[in-house]
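Working notes, beginning with the structure itself.
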């Protein structure tokens, strides 16, 4: 599963319980694609489904899902800052603060073993 799609789904779910239709609409996936990704997240222990009435389900993050979401946010932030550093539009006066930010992100990395 794409890290960006996974982060988007986990972030929407983190905002409060959501139905599959809500997730599909907010993340921009088909219902079938959303269903497939949710099954993967459930199998990995990142999300749990809770029946609310009849066949309707709501999805919520597990503690492991919250940790994985933080890891993905961290990786995404680091990627954005690295892209900025590599770009020709970054003024020289901003390179040093951006480099410090990268060092801070690297030092605070969330080890995957913690998941």
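I want to verify a result. In a Gaussian network model of the chain, Cα cutoff 10 Å, which of these has the top mean-square fluctuation: 77, 51, 14?
Its mean-square fluctuation being the largest, the pick is 51.
Can you tell me how the stretch 29-90 classifies by the Cα gyration tensor, rounded, prolate or oblate, using a/c under 1.5 as the rounded cut?
Verdict is prolate for the stretch 29-90.
To the nearest 10 degrees, how steeply does helix 92-107 sit against the main Cα axis of the chain, on a 0 to 90 scale?
Roughly 50 degrees, rounded to the nearest 10.
Quick one: 47, 73, 52, fewest Cβ neighbours within 10 Å first, how do they rank? Spell out each step's value before the answer.
Values: 47 24, 73 14, 52 11.
In increasing order of surrounding Cβ atoms, one gets 52, 73, 47.
Output the 0 to 90 degree angle, nearest 10, between the alpha-carbon long axis of helix 31-43 and the longest principal axis computed from the alpha carbons of the chain.
80 degrees
Residue 63 versus residue 94, label points 7 Å from Cα toward the beta carbon: distance in nm?
It is 4.0 nm.
Can you give the FRET efficiency for residue 5 and residue 104, using 1/(1 + (r/R0)^6), R0 = 25 Å, r = Cβ-Cβ distance, to the nearest 0.05? Present the calculation step by step, with values, prior to reporting the outcome.
Working: r = 27 Å, r/R0 = 1.09.
Between residue 5 and residue 104 the formula returns 0.40.
Mind jotting down the three principal axis lengths of the stretch 3-63 based on Cα atoms? Whole angstrom, largest first.
31, 26, 20
How much mean residue ellipticity at 222 nm does the chain get from its helices, if each DSSP H run of length 4 or more adds -39500 (n - 2.57) and you divide by all residues, to the nearest 500 deg cm²/dmol? Walk me through the intermediate numbers first.
Details: 5 runs with 73 residues, N = 115.
The helix-only estimate for the chain comes to -20500 deg cm²/dmol at 222 nm.
What ranking of 30, 11 emerges when the number of other C-beta atoms within 10 Å of each C-beta is taken as an exposure proxy, fewest first? All intermediate terms of the calculation are to be shown ahead of the outcome.
Working: 30 9, 11 15.
Lowest to highest Cβ neighbour count: 30, 11.
Please determine, in degrees from 0 to 90 and to the nearest 10, the orientation of helix 63-86 with respect to the longest principal axis defined by the Cα atoms of the chain, where the helix direction is its Cα long axis.
That works out to roughly 30 degrees.
Report the semi-axes of the equivalent ellipsoid for the stretch 64-108 in whole Å, largest first, where each axis is √(5λ) for an eigenvalue λ of the Cα gyration tensor. Could the numbers behind the result be given before it?
Working: eigenvalues 121, 23, 5 Å².
Taking √(5λ) for each eigenvalue gives 25, 11, 5 Å, largest first.
Rule-based calculations on the coordinates, nothing more; no lab input. Quantities reported herein were computed from a predicted structural model and do not represent experimental measurements. So basically every Cβ, Gly included, is an ideal-geometry build from the backbone, and we count neighbours across all protein chains shown.
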